[in-house]
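Read through the structure below, which is laid out as structure tokens, and then see the notes.
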Amino acid sequence: MKISIITVVWNNKETIKDAIDSVLGQTYKNIEYIIVDGASTDGTVEVVQSYGDKISKFVSEPDRGLYDAMNKGIALATGDVVGILNSDDFYIDEYVIEKIVKEFEDKQVDSVFADLVFVKPENLDNVVRYYDSSHFSPDKFAYGWMPAHPTFFVKREVYEKYGVFKTDYKIAADYELLTRFFAKHKISYSYIKEPIVKMRMGGASTSGIKSNYILNKEIIRACRENNIYTNWLMILSKYPKKILGLFKK
């Protein structure tokens with residue numbers, strides 16, 4: 001089984017090395033690693049180029065944002081299964097892809113996801129929140145819940161059948177994509193009960209009152225576009241469980 005992993009980046013030379021090293025260090029070797037750069041000017045391109053042919057495909061050109069770049073990566077992918085690793089994130093150890101492949105082979109499903117942990121940018125061993133994807137089932141989309149997207153791996157044919165990211169979303173295109181896949185088209189899935197990704201705090205969807213407002217507004221839109229009834233009260237009910245994640249480390 002061939003796994004395509006996509007990292008999109010723009011002006012992030014400080015952290016992308018961790019993402020790259022975590023992919024290249026995997027024990028599972030049938031990996032196609034694709035990096036899509038948005039014409040960085042801070043030295044990111046040089047960092048990526050320093051890895052030479054260890055990077056399967058590298059594109060550096062202007063894009064129309066994060067989700068447009070992800071779509072470019074998906075279009076370049078030739079693997080049986082596709083995963084997306086953000087340039088601020090990295091796999092928790094070298095056995096992650098090996099476990100993902102085993103889960104696909106054992107369960108014969110369309111997709112696999114797991115847990116992740118949020119860490120402080122200045123101390124990557126300091127876990128500040130645990131994202132427990134075990135709470136997920138397709139009916140939970142109405143309450144603002146989805147599997148941890150950086151842990152989500154899906155057969156490439158699912159993108160071919162049901163489409164890619166909608167680029168008119170600012171923050172929650174991943175939420176819309178998963179509602180489309182799981183709730184509308186009912187793809188099959190399996191869950192690995194352990195964290196496989198470390199995510200640095202401070203991204204567009206993890207900080208700020210304004211960004212959370214935009215996120216939740218787009219979540220409501222995603223649900224409505226995929227025929228899921230929801231409202232603001234239902235969406236906001238997720239926050240007590242998120243607070244509990246601060247205590248599970």
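Nothing in this text is a laboratory measurement; each read-out follows from the coordinates by a stated rule. Predicted, not measured: the structure shown is a model, and the values here were computed from it. Methodologically, a virtual Cβ is constructed for each residue, glycine included, from the backbone with ideal geometry; neighbour enumeration extends over all protein chains shown.
Laid out as a table, the results:
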{"quantity": "Calculated semi-axes √(5λ) of the Cα gyration tensor in Å (choose from (1) 26, 20, 19; (2) 32, 22, 18; (3) 38, 20, 17), label", "calculated": "(1)"}
{"quantity": "Cα centroid separation - region 87-146 against region 177-202, whole Å", "calculated": "7 Å"}
{"quantity": "Full-stretch length increase - residue 102, residue 14 - with 0.36 nm per residue and alpha-carbon distance subtracted", "calculated": "28.4 nm"}
{"quantity": "Projected label distance in nm at residue 120 and residue 161, using a 7 Å step from Cα toward the beta-carbon", "calculated": "4.5 nm"}
{"quantity": "Cα long-axis angle, helix 96-107 against the chain (0 to 90 degrees, to the nearest 10)", "calculated": "60 degrees"}
{"quantity": "Mean ellipticity per residue at 222 nm, deg cm²/dmol - from DSSP H runs of n ≥ 4 across the chain, formula -39500 (n - 2.57)", "calculated": "-9000 deg cm²/dmol"}
{"quantity": "Rounded to 5, the percent of DSSP beta bridges in region 3-244 classed as antiparallel", "calculated": "35 percent"}
{"quantity": "The chain, relative contact order [Cα under 8 Å, separation at least 6], %", "calculated": "22 percent"}
{"quantity": "Residue order, fewest to most surrounding Cβ atoms within 10 angstrom, among 84, 35, 235", "calculated": "235, 84, 35"}
{"quantity": "Nitroxide proxy distance, nm - points 7 Å out along Cα→Cβ at residue 188 and residue 232", "calculated": "4.2 nm"}
{"quantity": "Fully extended contour minus Cα-Cα distance, from residue 140 to residue 64, at 0.36 nm per residue", "calculated": "24.3 nm"}
